[in-house]
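Worksheet for the structure shown next.
The values are calculated or read from the model by the stated rules, or taken from the named source; none is laboratory data. Because the structure is predicted, anything quoted here is derived from the model rather than measured. Don't worry about glycine lacking a Cβ; one is built from the backbone with ideal geometry, like all the others, and counts go over all protein chains shown. These area figures cover heavy atoms from the full protein model, side chains too; ligands, DNA and RNA do not enter into them. Shrake-Rupley method; radii C 1.70, N 1.55, O 1.52, S 1.80 Å.
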Amino acid sequence: QVQLVESGGGSVQAGGSLRLSCAASGSISRINHVQWYRQAPGAQRELVAKIFFSTGSADYADSVKGRFTISRDNAKNTVYLEMNSLKPEDTAVYYCNAVVLTYGTDWFSGFWGQGTQVTVSS
């Protein structure tokens, strides 16, 4: 199977920065795309950013455009989320989700990481 390990969360003051990582390992033939989601207490999980592995094409939620940057390292099967100018409303658990073609199959499957907490204080 496929494992996703997130890291880089923590506590920062408003205006600060954090860099999240999502490392994929396991039976990976090809990664199609990776997404970062976040979920604040009492709220629904929302899509923050998305990147396609082959092209590097990325897309962002309006709430983070201009502040967050998603990137990938194809050789390491790792995706990063650089978060700048953080606001208290960015506080949430951040999850990565990878859509992967695994060895021995002809279809893509989605996998989730365990989540990493980001807390931004005012």
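Got a number for residues in the stretch 22-70 being part of a loop (DSSP other than H, G, I, E, B) and out of contact with any Ser or Thr (no Cβ under 7 Å at 6 or more places or on another chain)?
Taking the stretch 22-70 as the starting set, the residues that turn out to be part of a loop (DSSP other than H, G, I, E, B) are 27, 40-45, 53-57, 61-67.
Still in the running and out of contact with any Ser or Thr (no Cβ under 7 Å at 6 or more places or on another chain): 41-45, 53-57, 61-66.
Summing the residues that are part of a loop (DSSP other than H, G, I, E, B) and out of contact with any Ser or Thr (no Cβ under 7 Å at 6 or more places or on another chain) in the stretch 22-70 gives 16.
Give the stretch 92-122 a look and list any residue that's part of a strand (DSSP E or B), polar (S, T, N, Q) and under 21 Å from residue 54 (Cβ atoms), or say none.
If the condition is that a residue be part of a strand (DSSP E or B), polar (S, T, N, Q) and under 21 Å from residue 54 (Cβ atoms), then 97, 102, 109 are the ones that fit.
For the stretch 10-23, which positions are under 11 Å from the mean Cα position of the chain (by Cα) and open to solvent by less than 50 Å² (accessible area, probe 1.4 Å)? Reasoning before the result, please.
Taking the stretch 10-23 as the starting set, the residues that turn out to be under 11 Å from the mean Cα position of the chain (by Cα) are 19-23.
Residues satisfying the conditions are 20, 21, 22, 23.
So, in the stretch 34-65, exactly how many residues are surrounded by 14 or more Cβ atoms within 10 Å (Cβ to Cβ) and of a type in the set (S, T, N, Q)?
Summing the residues that are surrounded by 14 or more Cβ atoms within 10 Å (Cβ to Cβ) and of a type in the set (S, T, N, Q) in the stretch 34-65 gives 2.
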